[in-house]
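Undergrad: Next up is a structure, given as structure tokens.
Throughout, read-outs are computed from the coordinates displayed, never taken from laboratory work. As the structure is a prediction and not an experimental result, all values here were calculated from the model. Every residue, glycine among them, receives a Cβ derived from its backbone with ideal geometry; neighbour counts consider all protein chains shown.
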Amino acid sequence: MNLVQTISLGLLGSTLALAHSLSGPAKPGSAKFTRKAVTADTSTEGVLLNKIIAKVDNYYVLKSDLDESMQQYAGNPKAPKDCQILESLVISKMMLAKAEIDSVVVPDKEIDSQLDGRMSYMVQQYGSEKNIVEQFGKSLEMLKSEVRSQVKDQLVTREMQRKITEKMKVTPREVLKFYNSIPRDSLPYMPAEVEIAQIVRYAKVTKSQKETLRQRLLALRDSISKGADFAAVAKANSEDVGSAPNGGDLGYAKRGAMVAPFEGAALKLKPGEMSDVVESEFGFHLIQLIETRGAEYHARHILLRPEYARLDVTDATRFLDSLRTLIVVDSLKFEKAAKLHSEDKATADAGGQLRDPQTGNSRLAMDGTMDYALFSTLDTMTVGKMTPVLPYRSDDGKTGVRILYYRAKIEPHTADYKLDFEKLQNIVLQNKKNRAIDEWFRKSVSDVYITVEPEYNGCKIFGTTQTNGAQASN
């Protein structure tokens, strides 16, 4: 599809990829962390507030959504037009509206896990948690509460797509037919690819380290109980550099916004009461509830955390060293060792096999898209060999060690049916999924009410030109 064309209903499946990218992870520095919606174009003292430009049942698209999405294509001569981007954003909201109608939900645990990954990515981008807080002027907990709803929407949309396409399958005959339809002089040249497996062990916060933090917080709690001011104690002791200057005040948070251990403890309190020591992935908290207001609550806390960068990896290193020796002398196969002993849940069950997070492909392109440290390590190895024990930091910020196994290498080549069957299969499968989503939209568009602001008259939403905010229809 030509990106500068206005899309029609028959191309909605293809456009869903654009919709997904526009609703993807909020980037550090993005206004997605701070925007607020208003129901009208309101100016106060010369400041233009955010505005709703489209609604799908109870879900809305903000003017800032459209602006931010267009900024992603700044300078790109093939950038989609604003009408196409608007339609893509409406598609995402339609997915959410239908998910609500169909009672499609995502477990809180999955949302929190994705959220932790986003926050860890920000730490990597900014260098430290302190730098993040200084950049945004908010505590990590407040930033996390702001982006959580976005993560939830993205996961619900993904789950809706999965339900729509879960029965899609592809046969080798279909893959071969697709491959044969490509002119031979148009077959792409594939870069070198590798297959890698890993065994990971993480550093542990010891019982004594945890107990030290607990005792420090209990001493602070005792001091406050005897009359010390909570805010003053938080300013002097809390390691949440965002909220500490404000006496640990986290502001109002909606239920479900904070991590479960924190929120569970906070909501058990009466205004003015303090919690016992609460452990979460952020560290150890002493929480005081200030007040509740409908579905929101206002709390402050004192946070103490282990120095994760200084956790002792000695035991993990020794364990992997011994395991590596067993594999080298052929007393244990790498795949079995990974299944039994790797602490990376995403790869352990597959024998440690690393996969492309976007495609699920077991072969990773050995080019500029690969992590430089990993590229450098593999560049000095031969196929069939293992690395020594190496330092490792997971996507969600855990400190540990790992060993890598260089399983296979595929040299650069012109796309081939047998060598690249997995990639070709994924393309054919995605095409089938797109068609299934097209059909789903045709059947579902009448189940929701879609309105668009008059200034976007002329935009085609689901193939229908919008006039005066009328309902989109077939």
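Undergrad: Over 18 Å between Cα atoms, which of Lys339/Lys398; Lys345/Lys398; Lys385/Lys409; Lys109/Lys345; Lys177/Lys432 qualify? Can you show the working numbers first?
TA: Values: Lys339/Lys398 20 Å; Lys345/Lys398 13 Å; Lys385/Lys409 12 Å; Lys109/Lys345 15 Å; Lys177/Lys432 14 Å.
From Lys339/Lys398; Lys345/Lys398; Lys385/Lys409; Lys109/Lys345; Lys177/Lys432, over 18 Å: Lys339/Lys398.
Undergrad: Could you list Asp420, Asp67 in order of exposure, starting from the residue whose Cβ has the fewest other Cβ atoms within 10 Å? Please report the intermediate quantities before stating the final value.
TA: Details: Asp420 23, Asp67 13.
Ranking Asp420, Asp67 by Cβ neighbours within 10 Å, fewest first, gives Asp67, Asp420.
Undergrad: Working out 0.36 nm times the residue gap between Ala228 and Thr325, then minus their Cα-Cα distance, what length gain in nm do you get to one decimal?
TA: Between Ala228 and Thr325, full extension yields 29.3 nm more.
Undergrad: At a 10 Å Cβ-Cβ cut-off, how would you order Tyr121, Tyr392, fewest neighbours first? Could you put the intermediate results ahead of the total?
TA: Values: Tyr121 16, Tyr392 21.
Final ranking by Cβ density, sparse to dense: Tyr121, Tyr392.
Undergrad: Show the residues, 5+ positions off or on another chain, whose built amide H is closer than 5 Å to the amide H of Tyr59.
TA: Answer set, sorted by chain and number: none.
Undergrad: Ranked by Cβ crowding within 10 angstrom, fewest neighbours first, how are Tyr405, Tyr60, Tyr297 ordered?
TA: Working: Tyr405 25, Tyr60 18, Tyr297 22.
Final ranking by Cβ density, sparse to dense: Tyr60, Tyr297, Tyr405.
Undergrad: List the relative contact order of the chain as a percent without decimals, with contacts defined as Cα pairs under 8 Å and 6+ residues apart.
TA: Result for the chain is 22 percent.
Undergrad: Hey, another quick one. Could you calculate the contour length gain from Ser120 to Phe421, that is, 0.36 nm times the residue separation minus the distance between their Cα atoms, to one decimal place in nm?
TA: 104.9 nm
Undergrad: Let me ask you something else. What dipole magnitude, in Debye to the nearest 20, does the chain give about its Cα centre under +1 on Lys/Arg Cβ and -1 on Asp/Glu Cβ? The partial results should precede the final answer.
TA: On the way: 65 positive and 62 negative charges, 166 e Å.
Charge dipole of the chain: 800 debye, to the nearest 20.
Undergrad: Which value in nm describes the separation of the simple spin-label points at Ser376 and Glu296, placed 7 Å from the Cα toward the beta carbon?
TA: 4.8
Undergrad: To continue, here is another question. Restricting to DSSP H runs of at least four residues, report the calculated mean residue ellipticity at 222 nm for the chain, -39500 (n - 2.57) per run over all residues, nearest 500 deg cm²/dmol. Write down the numbers at each step before the final one.
TA: Values: 15 runs with 196 residues, N = 474.
It comes out at -13000 deg cm²/dmol, rounded to the nearest 500.
Undergrad: Which whole-Hz ³J(HN,Hα) couplings does region 438-445 yield from phi under the Karplus relation 6.51 cos²θ - 1.76 cosθ + 1.60, θ = phi - 60°, glycine and proline marked x?
TA: With the stated coefficients, region 438-445 comes to 3, 5, 4, 5, 4, 7, 9, 4 Hz.
Undergrad: Can you list the residues, at least 5 places off or on another chain, whose amide H is less than 5 Å from the amide H of Gly247, using H built in the peptide plane?
TA: Answer set, sorted by chain and number: Lys235.
Undergrad: Another one. Calculate the spin-label point distance for Ile101 paired with Phe178, positioning each point 7 Å from the Cα along the beta-carbon direction, and give it in nanometres.
TA: Once both label points are built, they end up 3.0 nm from each other.
Undergrad: How much of the pair distance distribution for the chain lies past 43 Å, counting alpha-carbon pairs only, in percent?
TA: Details: 30873 of 112101 pairs.
For the chain, the fraction of Cα-Cα distances above 43 Å is 28 percent.
Undergrad: Search the structure for amide H atoms under 5 Å from the amide H of Ile199, placed 1.01 Å from N in the peptide plane, and list their residues when 5 or more places away or on another chain.
TA: Long-range HN contacts for Ile199: Ile403.
Undergrad: With θ taken as phi - 60° and the coefficients 6.51, -1.76 and 1.60, list the Karplus ³J(HN,Hα) couplings across region 278-294 in order, rounded to whole Hz; mark glycine and proline as x.
TA: Karplus values, whole Hz, x for Gly and Pro: 10, 9, 9, 5, 7, x, 10, 10, 10, 10, 10, 7, 8, 6, 10, 8, x.
Undergrad: Just to confirm the filter: which trypsin sites (Lys or Arg not before Pro) across region 233-293 are DSSP coil and have at most 15 other Cβ within 10 angstrom of their Cβ?
TA: Those that pass, being in a loop and sparsely packed, are Arg255, Lys268.
Undergrad: Further, regarding this structure: Give me a comma-separated list of calculated 3J(HN,Hα) values for region 198-203, in order, Karplus coefficients 6.51, -1.76, 1.60 applied at θ = phi - 60°, integers in Hz, x for any Gly or Pro.
TA: Per-residue couplings from phi come out as 9, 10, 10, 10, 9, 5 Hz.
Undergrad: Could you tell me which residue out of Met95, Ile182, Thr317 lies farthest along the dipole of the chain toward its positive end? Charges go on the beta carbon: Lys and Arg +1, Asp and Glu -1, centred on the Cα centre.
TA: Ile182
Undergrad: Can you bin region 372-426 into rounded, prolate or oblate? Criterion: square roots of the alpha carbon gyration tensor eigenvalues sorted a ≥ b ≥ c, rounded for a/c under 1.5, prolate for a/b above b/c, oblate for the rest. Each step should come with its number before you reach the end.
TA: Numbers: a/c = 2.90, a/b = 1.78, b/c = 1.64.
Prolate, because a/c is 1.5 or more and a/b exceeds b/c.
Undergrad: Once the dipole of the chain is set up with Lys and Arg at +1 and Asp and Glu at -1 on Cβ about the Cα centre, which of Gln215, Cys459, Pro107 lies farthest towards its positive end?
TA: Sorting the options by dipole projection puts first Pro107.
Undergrad: Oh, and also: Given charges of +1 on the Cβ of Lys and Arg and -1 on the Cβ of Asp and Glu, with all other atoms neutral, how large is the dipole of region 207-307 about its Cα centre, in debye to the nearest 20?
TA: Working: 14 positive and 14 negative charges, 31 e Å.
Dipole of region 207-307, to the nearest 20 debye: 140 debye.
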